[in-house]
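See below for the structure under consideration.
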Amino acid sequence: MAIAKILGIETEYGVTGGPSPDPIVSSGLLVHEYASHSARNVNWDSGLDHPWAEGFSAPLLTSFAPVVETLNTNSVLANGARFYVDHAHPEYSSPECRTPREGLLYDLAGEEILRQAMTAANLLSPESPIVVYKNNSDGKGNSYGCHENYLVDRSLAFNVLVDAMITHFVSRQIITGTGKIGSETLAMGKRNPLFQISQRSEFFEEITGIETMLRRPIVNTRDEPHGDATRFRRLHIINGDANQSQVSTLVKLGATSLLLAIVEDWGIEVFPAAPTNPVEAIHFFSSDLTLRGRVDCRDGARRSAWDFQNELWILARRYVDHEGGGATAPPDEVEEILVAWRTVLDDLLDQPERAADRVEWIAKRLLLQRYQDKFSLADGDARLRAIDLQFHDLRPQKSLAQRLGFQEIFALPDVNRAVTEPPSNTRAYFRGKCVTHYSDRIALVNWDLVIFDLGGGHFARIPMADPTRGTEALTSDLFTATSNLNGLIDQLGV
Amino acid sequence: MTMSDQEHQRKSQTEGHRNDELSADVTLDSDKANKLKADLDELLSEIDGVLEENAEEFVKSYVQKGGE
């Protein structure tokens, strides 16, 4: 049986403006000011950011302390997420979510947190405001990521996982691509597209690898399960675009989660044959706006990105009919995912413009074409490139994507709740509630560990090696109005 | 099962799904398309008031460090 597909999205946002030209300063201000304006944030210790960290000792406290005393650029939030500075970008890592719908909700909560952070940080220097963008490149060859994480069974061989999933990773961009003008890499420069489907695809140069910044691989081999390494692998997917369309995010997470469950339950044999050259394929598919261009596959057939997605959808439909889709989500949600995925595919084939309320590259291209026609602009006009960037501006009054209005799955009140409340069905619940109730007593918190300072040199260490535990059902008794930290420690027996 | 049987089954599964569950949405879809067209028209008419003032400078100065 496929294991529960716990998942989450981590997004690095583009950032401009601020009191200093250094984006690290602006990113730090966003995180620090958000934390300062929220009474319920505590520091995150990255020194223990791996599953093999043993226990607790004085040196770890020492390495933790300076983070508190300098700038609060690493924080864990009451919703169980992590909000921090990664290199020169503000990054939001969603809490662990049990289903794709929930993954979407907590990704949206991240956008809202970034908006609140902008507001908070810009109180300090209103004359040079910081602006945050949810995109993946600056149009000048610099790319930053939107990474997905999925829990997979450790017993599944990694090469099988890669060979089965590669068709999805090269082709899903026709649904999840956010589009951009032109190209930024040598490889894509040879194809010289006026417009591309994906912001990210052209930056991939390998099939697998450990890197995320150089020679980027379609499937990343980083192996940090943040949990029991004998049972779990955290599949780290770095090839996606950062979506603002809710349907795109739902299908991105939903399709990938279902296909991973299929590899676990049915093996690789049921998957379509991979392209003979996956790197060429991901580049070509990003440049092929007709969606009809085909690449050679290992079985001798030729397939377009649409062909791959169609075959994968049929496989997922068959799997759900036979096995249910319990590893991914409850039945209603699995149906919602399959229908959304199918409907987009049908629209893309029959009449792509119809998908413009769900597929970002279609919407952006329509907007650019209409604007270009209206003012008879040349292809390289700066106003077109400005629209390309401003599509991703997170400020409600400036965001072209928001003004266009993609189909909504969650409305703002749901999103706001997810800003402060953790998901119910993963260990993120326990983490978020510890932050909510005992932030001043937490000495250290991590994906798979919470350490409480009990005073007098005593500490209580609570490991969370299984992301499916620590749920509301299992731990809400520890956080009632009458409970206290000593009671929690006693009941957990730590 | 031969290859062509599989193909046939896939085709009918796909089309069966389209007929069963999606045909009811056709009216809704064309409404949505009209709404989107209206949204696009509206955005086009107001976009110059929203766009960053100096497009050239804005695009030139949007430089990010690589991430991840």
Restricting attention to segment A:172-220, report how many residues are within 14 Å of chain B (Cβ to nearest Cβ) and more than 22 Å from A:Leu291 (Cα to Cα).
-> 10
Identity of the residue in segment A:434-468, under 16 Å from A:Asn486 (Cβ atoms) and of a type in the set (D, E, K, R), that ends up modelled with the lowest pLDDT | A:Asp440
By residue number, the members of segment A:194-233 that are assigned to a strand (DSSP E or B), modelled with pLDDT of 95 or more and under 20 Å from A:Ile3 (Cβ atoms) are A:Phe232, A:Arg233
Those residues of segment A:209-251 which are among the hydrophobic types (A, V, I, L, M, F, W, C), open to solvent by less than 10 Å² (accessible area, probe 1.4 Å) and under 21 Å from B:Lys65 (Cβ atoms), in sequence order | A:Ile238, A:Ala242
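Within segment A:400-411, is even one residue part of a helix (DSSP H, G or I) and farther than 30 Å from A:Thr178 by Cβ?
Looking only at segment A:400-411, we keep the residues that are part of a helix (DSSP H, G or I), and these are A:400-404.
Cutting the leftovers down to farther than 30 Å from A:Thr178 by Cβ gives us none.
Looking for residues that are part of a helix (DSSP H, G or I) and farther than 30 Å from A:Thr178 by Cβ, one finds none in segment A:400-411, hence no.
For every residue, the table says whether it meets (1) at pLDDT 90 or above; (2) within 21 Å of the chain's Cα centre (by Cα); (3) among the basic types (Lys, Arg).
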residue: A:Met1; (1), (2), (3): yes, no, no
residue: A:Ile6; (1), (2), (3): yes, yes, no
residue: A:Glu12; (1), (2), (3): yes, yes, no
residue: A:Gly18; (1), (2), (3): yes, no, no
residue: A:Val25; (1), (2), (3): yes, no, no
residue: A:Leu30; (1), (2), (3): yes, yes, no
residue: A:Tyr34; (1), (2), (3): no, yes, no
For the subset of segment A:382-403 comprising residues that are charged (D, E, K, R) and more than 8 Å from chain B (Cβ to nearest Cβ), which member is least open to solvent (accessible area, probe 1.4 Å)?
-> A:Asp393
Of (1) surrounded by fewer than 20 Cβ atoms within 10 Å (Cβ to Cβ); (2) more than 8 Å from chain B (Cβ to nearest Cβ), A:Leu368 satisfies every one except (1)
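Condition check ((1) outside any strand (DSSP E or B); (2) farther than 21 Å from A:Cys97 by Cβ; (3) acidic (Asp, Glu)) across all residues:
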| residue | (1), (2), (3) |
| --- | --- |
| A:Pro422 | yes, no, no |
| A:Thr426 | yes, no, no |
| A:Tyr429 | yes, no, no |
| A:Gly432 | yes, no, no |
| A:Ser439 | yes, yes, no |
| A:Arg461 | no, yes, no |
| A:Ser476 | yes, no, no |
| A:Asn486 | yes, yes, no |
| A:Gln491 | yes, yes, no |
Flag if A:Ser128 is assigned to a loop (DSSP other than H, G, I, E, B), out of contact with any Ser or Thr (no Cβ under 7 Å at 6 or more places or on another chain) and at pLDDT below 95 = yes
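Give the residues of segment A:426-441 that are surrounded by 21 or more Cβ atoms within 10 Å (Cβ to Cβ) and touching a helix residue (DSSP H, G or I) at 6+ places or on another chain (Cβ under 8 Å), sorted by residue number.
Within segment A:426-441, A:Tyr429, A:Phe430, A:Lys433 meet the criteria.
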The one condition A:Asp299 fails out of (1) within 11 Å of chain B (Cβ to nearest Cβ); (2) under 23 Å from A:Gln246 (Cα atoms); (3) of a type outside the set (S, T, N, Q); (4) part of a loop (DSSP other than H, G, I, E, B) is (2)
Can you find even one residue in segment A:322-334 that is outside any helix (DSSP H, G or I) and within 10 Å of chain B (Cβ to nearest Cβ)?
-> no
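Have a look at A:Ala378, A:Ala411, A:Ala460, A:Ala356 and point out the one that is without any contact (Cβ under 8 Å) to a residue 60 or more places away in the chain, surrounded by fewer than 22 Cβ atoms within 10 Å (Cβ to Cβ) and under 30 Å from A:Ile130 (Cα atoms).
Working: A:Ala378 fails: under 30 Å from A:Ile130 (Cα atoms); A:Ala460 fails: under 30 Å from A:Ile130 (Cα atoms); A:Ala356 fails: surrounded by fewer than 22 Cβ atoms within 10 Å (Cβ to Cβ).
Within the list A:Ala378, A:Ala411, A:Ala460, A:Ala356, the selection yields A:Ala411.
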Can you work out which of the residues in segment A:152-193 that are in contact (Cβ under 8 Å) with a residue 24 or more places away in the chain, assigned to a helix (DSSP H, G or I) and more than 25 Å from A:Trp313 (Cα to Cα) is most open to solvent (accessible area, probe 1.4 Å)?
-> A:Ala187
So is A:Gly254 in a helix (DSSP H, G or I), crowded, with 22+ Cβ neighbours inside 10 Å, in contact with a Leu (Cβ under 9 Å, 6 or more places away or on another chain) and at pLDDT 95 or above or not?
-> yes
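The values are calculated or read from the model by the stated rules, or taken from the named source; none is laboratory data. Just so it is clear, the structure is predicted and the values come from calculations on it, not from any experiment. As a convention, Cβ positions derive from the backbone with ideal geometry for all residues, glycine included, and neighbour counts pool all protein chains shown. Heavy atoms of the whole protein, side chains included, go into the accessibility calculation; ligands, DNA and RNA do not. Shrake-Rupley method; radii C 1.70, N 1.55, O 1.52, S 1.80 Å.
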